[in-house]
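Structure, as structure tokens:
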Amino acid sequence: MPSSASSGWLPQGVNGQQVTTETERITSLWVGIWIAAMAVGLLVWGLTFWCMAVYKRKKGDPELPPQLRYNIPIELLYTVVPVLMVAVIFFYTARDEAAIMDTSAKPDVTINVVGKQWSWDFNYVDSNVYETGVHSELNPKGGIDGTPQPVLYMPINKRVEFVLNARDVIHSFWVPAFLVKLDMIPGRTNKLQITPTQLGEYQGKCAELCGAYHSQMLFKVKVVTQAEYDAHMAELKAMGQVGQLDNTLNREPVYGPDLKMIPTSTGSN
Ligand SMILES: [Cu+2]
């Protein structure tokens, strides 16, 4: 329990370790805003119940007590105080969002992630290899539950830049343990940099309702050592998954005999 309380009941890594370089910042913002909200809530509830108890109508009281209206100091107070509270929350949110969404640093690894109904393609840009997921509807090897989830590899302690695109409709790239998600919008490229700091396997999902099988639009994330990452790149290459999958709009992907989408472009996106 202490470890889940320290993360404000947000998803987190094993033993309270930080999953990425940004999870501590995100957790602090989350917990801080909850503490501020609870303090305000307790004050408001406290004053409300105090008024109800102290100023309730007592036996023998005549009609209603004098009614207060057009009280400028009180009206100013309940306008200025909430504006200040929102300003403080805005300041910390904007500060942290700017840090989390900052993509000015040169990444160690670039991975182009393409969302599609209802799976994912991963183009490992630096290694010029790719991975493609196929939804069970299109994959006779898997039933509804039997669809293998495509696996996204990330080397630990390396700054990974995700270049996010969508092939058909709006999707959203979400790894709950990373505490951040970003929309994938057709015709637009969004970027997100993540530096994972804990080895392990994490669940990834689509966070934007994108059609009938949205809930099955899943993938796995494996944070591995650099050596394991390199081995996986070599493995993809050995499997012939060389080049980069086209990520322009295309609702009718072409699959090879082994259900691999045939690359329709190489190199640039
Ligand atoms: Cu989706």
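Throughout, read-outs are computed from the coordinates displayed, never taken from laboratory work. Computed from a prediction, not measured in an experiment: that's the story for all the values here. A quick note on method: Cβ atoms are made from the backbone with ideal geometry, for glycine too, and the neighbour counts reach across all protein chains shown.
For the reader, a short list of remarks on this structure follows.
- Cut-off under 5 Å, modelled amide H: who pairs with VAL129 long-range: TYR124, GLY243
- Cβ crowding within 10 Å averaged over residues, with 30-41, 66-77 ranked highest first: 30-41, 66-77
- Per-peptide average of other Cβ atoms within 10 Å, ordering 97-104, 240-247, 205-212, 171-178 highest first: 171-178, 240-247, 205-212, 97-104
- Global geometry of region 196-242, whether rounded, prolate or oblate, following the gyration tensor of its Cα atoms and the 1.5 cut on a/c: oblate
- Per the Kirkwood formula applied to alpha carbons, region 109-238 shows a radius of gyration over Rh ratio, Rg over Rh, of 0.94.
- Between ASP108 and VAL81, residue separation times 0.36 nm minus the direct Cα-Cα distance comes to 5.2 nm.
- Shape of region 2-100 from the C-alpha gyration tensor: oblate (a/c of 1.5 or more and a/b not above b/c, with a ≥ b ≥ c the square roots of its eigenvalues).
- Anchor LYS205: lysines whose Cα lies under 20 Å away (excluding residues fewer than 8 positions away in-chain): LYS116, LYS181, LYS191, LYS220, LYS222
- Residues ASP183 and PHE49, FRET efficiency given R0 of 25 Å [Cβ-Cβ distance, rounded to 0.05]: 0.05
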